[in-house]
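Asks: There's a structure below that I have some questions on.
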Amino acid sequence: MTVAPPPWPVRGLDVDAVRCATGALPTPFRQFVLKVHSRCNLACTYCYVYEGPDQSWSERPRSVPDEVVAAAARRIAEHAATHGLRDVHVNLHGGEPLLSGPGPLVRYVGAVRRAVAEQAGPSCRVHVSMQTNGTLLTDAVVSELAGAGIKIGVSLDGGLARHNSRRVDRRGRPAWPAATRGLRVLARHADSYAGILCTIDPATDPVEVYESLLEFAPPSLDLLLPHANWSAPPPGADTGGSEPYGRWLAAVFDQWFDAERVRTTIRLFTEIIGLLMGLPSATEAVGTSPVVAVVVDTDGAIEQVDSLKTTYAGAPATGLDVFRHTFDLALDHPGIAARQLGPAVLSRMCRDCALVEVCGGGNYAHRFRADTGFQNPSVYCRDLEHLIRHIAGRISSVVGNTQLRED
C-alpha cells in the first residue's frame, strides 16, 4: 500500500526558493551507509527496522548483490571526484552485516577503495566502520576485518545482562552471552574497536549503566535517545514533563565530567560542549550543521537515514538508485535538503529558542507528527533543554563565559 508523505517537507518545501532566499548551497555527502545484509539474527522487541512502520526490508535482497556493490562503489567515487572530497566515510550496516560473513564486507570495501582511487585519486581517504550486535564476532572475524581497515562498533543497551533483556534471538533466548563474548574478543583488538552504541532507558540507573559499559573498555560511547515522535511518543513522555531522558543523561554527564581521568569519549556530550563553544556539529542528534549521510540499501536504492523508518512507511525513500542516479540528485530531495538548510527551515518555536544553535531541533526523526510532518520541535524538546542547560552550567563553573543567548 502506498502511503502519502506528510505535508512537510516532501509536499511543502520549495527547495530552490529557500536556497535562493538563504544563499545555502547543497553540501556533498561524506558518509555512505552501505547495507550489506537486510536481515538480523536477533529479534529485539523495540527494533525500529523490523518492528517499525516501514517494512521495506522484507522486499529487498538478503545479501547485497555484486552488481549493487559495483554500482555503489562507482557512485561514491563519482561523488568524491565531483566535489574534490579528501575524506569519505563508509559505514557497513544491516540488519546484521556479519550474517554475510566478513568476506563480502571486505570485498565491498575493496570495491569502494579501488573506485575512489581511480576516480578521485589517492589523496581521497576512505575510512570504514561497521555496526554490529556483537554476537558473531570471533578472533578470526575481527582479524579479517582489521586486515581490511574496518573499525567495529557494537550496539548494547548496558553492561549488565538485565539491561539487555529486550535483546533476544529469534527463539527468544538472551543475546547477552554471545554479545559479551564478542565484545571481549573485540577488546583484544584495540585498533579495530570503534566503541559502543547504547540507546538509553530512563527506567535504568544511569550511573550503573555507564559504569557497567566502561567494563568493556570502549574507546567511545554513543548514548542515543530512543527513536520516538509526536505520533508515537517515548515511554515516560506522559509523566508530567519531568524530563526523564534529560535527567538520565545529565547524571551520566556528571559522572563522566567529574572523573579524575577520561575513560572514554561520549559523543553527545562532546558535541554539545563544542556547540556551546561555537564549533560546528558532526552528528544529527544536535546542532544545525547540514546532514552529510546517505544510505544505499541491498537493492541499490538511495535512501535517507534509517531513523526515518520510525515515522511512516516509505519515509526514507527518495525514488533514486545507484544504477540510474547520481548522489547529487539525492541532494535535491526535499527530505535531504530540509536537513541541510539550517535554522531557516526549523519550526517557529525552534527558531525563537535561545538554544537553537546548540539543540538544532534535535534528531530530525524525533520531530515527526503525522498531520504536520517534520516541521516541529523534537518530542524530546524539554529533555534536550534540560541537558544542554545542565552542561552549560557545569562548563561555565570551570571555564566561565559559557552563556546561552536569551533574546
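The values are calculated or read from the model by the stated rules, or taken from the named source; none is laboratory data. Please read all numbers here as calculations on a predicted model, not as lab measurements. Using ideal geometry, Cβ is built from the backbone for each residue, glycine included, and neighbour counts are taken over all protein chains shown. Ligands, DNA and RNA are excluded from the accessible area calculation, which covers all protein heavy atoms including side chains. Shrake-Rupley method; radii C 1.70, N 1.55, O 1.52, S 1.80 Å.
Asks: When the accessible area of the chain is computed with all protein chains present and a 1.4 Å probe, what percentage of it is carbon and sulfur?
Replies: Numbers: 9330 of 17730 Å².
For the chain, the apolar C and S fraction of the accessible surface comes to 53 percent.
Asks: Can you find, among THR45, SER63, ALA24, the residue farthest towards the positive end of the dipole of the stretch 9-93? Put +1 on the C-beta of Lys and Arg, -1 on that of Asp and Glu.
Replies: SER63
Asks: Here is a follow-up. Cysteines without a disulfide-compatible partner in the chain, using Cβ under 4.7 Å as the rule?
Replies: Here CYS20, CYS40, CYS124, CYS198, CYS350, CYS353, CYS359, CYS381 come out as lacking a disulfide-compatible partner, given the Cβ-Cβ threshold of under 4.7 Å.
Asks: How compact is the stretch 168-248 by the rule of thumb for globular proteins, expressed as Cα Rg over 2.2 N^0.38 Å?
Replies: Normalised Cα radius of gyration, the stretch 168-248: 1.33.
Asks: Going by the alpha-carbon gyration tensor, a ≥ b ≥ c the square roots of its eigenvalues, is the stretch 1-81 rounded (a/c under 1.5) or, if a/c is not under 1.5, prolate (a/b greater than b/c) versus oblate?
Replies: It comes out oblate by the Cα gyration axes.
Asks: Can you order the peptides 315-324, 54-63, 67-76 by their average number of other Cβ atoms within 10 Å per residue, highest first?
Replies: Packing proxy ranking, top to bottom: 67-76, 315-324, 54-63.
Asks: Run the helix sum for the chain: -39,500 (n - 2.57) per DSSP H stretch of 4+ residues, divided by residue count, reported at 222 nm to the nearest 500 deg cm²/dmol. Kindly include the intermediate steps, with their values, before the conclusion.
Replies: Numbers: 13 runs with 134 residues, N = 407.
About -10000 deg cm²/dmol.
Asks: Principal axis lengths of the stretch 100-154 from Cα atoms, whole Å, largest first?
Replies: 37, 17, 15
Asks: Which three lengths, in whole Å and largest first, does the stretch 329-385 cover when its Cα atoms are put on their principal axes?
Replies: 35, 24, 16 Å, listed from the longest principal axis down.
Asks: Can you pull out the GluC sites (Glu not before Pro) in the stretch 239-288 that DSSP calls coil and that have at most 16 other Cβ atoms within 10 Å?
Replies: For GluC sites (Glu not before Pro) across the stretch 239-288 that sit outside H, G, I, E and B with at most 16 neighbouring Cβ atoms in 10 Å, the list reads GLU260.
Asks: A further question follows. Just the number please: accessible area per residue for the chain, 1.4 Å probe, all protein chains included, in Å². Let's see the in-between values first.
Replies: Numbers: 17730 Å² over 407 residues.
With the other protein chains kept in place, the chain gives 44 Å² per residue.
Asks: Semi-axes of the equivalent ellipsoid for the stretch 260-407, please: Cα gyration tensor eigenvalues, times 5, square-rooted, ordered largest first, whole Å.
Replies: Semi-axes, largest first: 31, 18, 13 Å.
Asks: Calculate the radius of gyration of the Cα atoms of the chain to one decimal place, then report Dmax, the largest Cα-Cα distance, as a whole number, both in Å.
Replies: Expressed in Å, the Cα Rg and Dmax of the chain come to 20.7, 58.
Asks: Under the rule of at least 5 residues apart or a separate chain, name every residue whose amide H is placed under 5 Å from the amide H of LEU92.
Replies: Residues meeting the amide H criterion: LEU34, SER129, MET130, GLN131.
Asks: Using the Cα atoms as the points, what is the convex hull volume per residue of the stretch 227-344 in Å³?
Replies: 163 Å³
Asks: Sticking with this structure for a sec: Counting only other residues whose beta carbon sits under 10 Å from that of CYS44, what net charge do I get with K and R as +1, D and E as -1?
Replies: Result for the neighbourhood of CYS44: -1.
Asks: Something else about it: Once amide H atoms are placed 1.01 Å from N in the peptide plane, what residues at a sequence separation of 5 or more from LEU224, or on another chain, have their amide H within under 5 Å of its amide H?
Replies: CYS198, THR199, ILE200
Asks: Out of all DSSP beta bridges in the chain, what portion is antiparallel? Express it as a percent rounded to 5.
Replies: Here the antiparallel bridges make up roughly 25 percent for the chain.
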